[in-house]
Amino acid sequence: MRIAHVIGRVTLNVQDPSFKGGRWLMCNPVDAEHFNTACLTAPPLSKDFSLVAYDNLGAGEGDIVGIVEGAEATAPFDHDIPIDAITVAIFDSLHYQPPA
Amino acid sequence: MIHAIVVGHAVSSHCHPSLKGCKMLLCQSLDASGKPAGAPMVAIDLFGAGMHSKVFVSTDGVAARGFVHDEKSPVRNFIQGVID
C-alpha cells in the first residue's frame, strides 16, 4: 500500500462496461518527509508520477489515501475489471519517525 | 519477502472492511547493507511489531487474503515476521 494525496477527480465518458458506477481519483504519492503533516496540511506535489485509482470509499480532493496497486486491486470485485490501483483506506493521521 | 524496518504507523477510521482492526505500520525497505532503499510502504501487522524493529514484509496478495481471512480483500503487504 502506498500513501497518496488526492489531487483531483477523473470523469470518464466512454468506458469499459465493468467500470459503471465507479469513481476515479487522481492521486499523487506523498514524499516520506511530509508524512507527519500530510493529514493536516496539503503536502506539495512529489516528483513521483500521479496515478488514477478506483475509489470505493468516497475519498475526496485533499484526502490522504492508501492505494494498493497490482492484481490485488481487482480482488474486491465480483466481476472481472481491468483496474490496477484502488483506494483501500482514508488516513486520519500518519506518524513517521525514521531511525536516527 | 522484503527486509524492512518499521518507521511509523497509520491511523484510518475509514478503510476496506477487511482492514478494520488491523494495525497499519509504515515500513521502510532496506538494501543489503541495511540502508533505507525506496519509498516507505504501509503493511498490515498482526504480530505486534514495534517501532524501529526489523521485519519481513510479504507482498503476496494471495497469502495476505488468507492472513486477513477475507477472499475479497485488496490487501497486499503484510508483516510476516519480526527479526530478532
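The values are calculated or read from the model by the stated rules, or taken from the named source; none is laboratory data. Bear in mind the structure is a predicted one, so any value in this text is a computation, not a measurement. For neighbour counting, all protein chains shown are included, and Cβ atoms are generated from backbone atoms with ideal geometry for every residue, glycine included.
Exactly one residue among B:Val57, B:Val75, B:Val7 is crowded, with 22+ Cβ neighbours inside 10 Å, within 12 Å of chain A (Cβ to nearest Cβ) and either touching a residue at least 60 places away in the same chain (Cβ under 8 Å) or part of a strand (DSSP E or B) (or both), and that residue is B:Val57. For region A:42-64, filtering for residues that are touching a helix residue (DSSP H, G or I) at 6+ places or on another chain (Cβ under 9 Å) and without any contact (Cβ under 8 Å) to a residue 60 or more places away in the chain leaves 5. Looking only at residues in region A:47-62 that are surrounded by fewer than 22 Cβ atoms within 10 Å (Cβ to Cβ) and of a type in the set (D, E, K, R), which one is farthest from the other protein chains (Cβ to nearest Cβ)? Residue satisfying both the conditions and the ranking: A:Glu61.
So which residues in region A:8-41 are surrounded by fewer than 16 Cβ atoms within 10 Å (Cβ to Cβ), in contact (Cβ under 8 Å) with a residue 12 or more places away in the chain and within 30 Å of B:Ala37 (Cβ to Cβ), if there are any at all? Correct list: A:Asn36 only. Among the residues of region B:19-54, those that are assigned to a strand (DSSP E or B) and facing chain A (nearest Cβ under 9 Å) comprise B:Met24, B:Leu26, B:Gln28, B:Pro36, B:Met41, B:Val42, B:Ala43, B:Ile44. Among the residues of region B:40-80, those identified as farther than 18 Å from A:Ala73 by Cα and in contact with a Leu (Cβ under 6 Å, 6 or more places away or on another chain) are B:Pro40, B:Asp45.
Looking at region A:22-76, what strands (runs of 3 or more DSSP E) fall wholly within it and have at least 1 residues that are basic (Lys, Arg)? Even if it seems obvious, please write down each step before you answer.
Values: elements: A:23-29, A:51-55, A:64-69.
Correct list: A:23-29.
So which residues in region A:77-96 are part of a loop (DSSP other than H, G, I, E, B) and either more than 9 Å from chain B (Cβ to nearest Cβ) or at pLDDT below 95 (or both), if there are any at all? Give the steps one after another, and end with the answer.
So in region A:77-96, the residues part of a loop (DSSP other than H, G, I, E, B) come out as A:77-84, A:91-92.
Within region A:77-96, A:Phe77, A:Asp78, A:His79, A:Asp80, A:Ile81, A:Pro82, A:Ile83, A:Asp84 meet the criteria.
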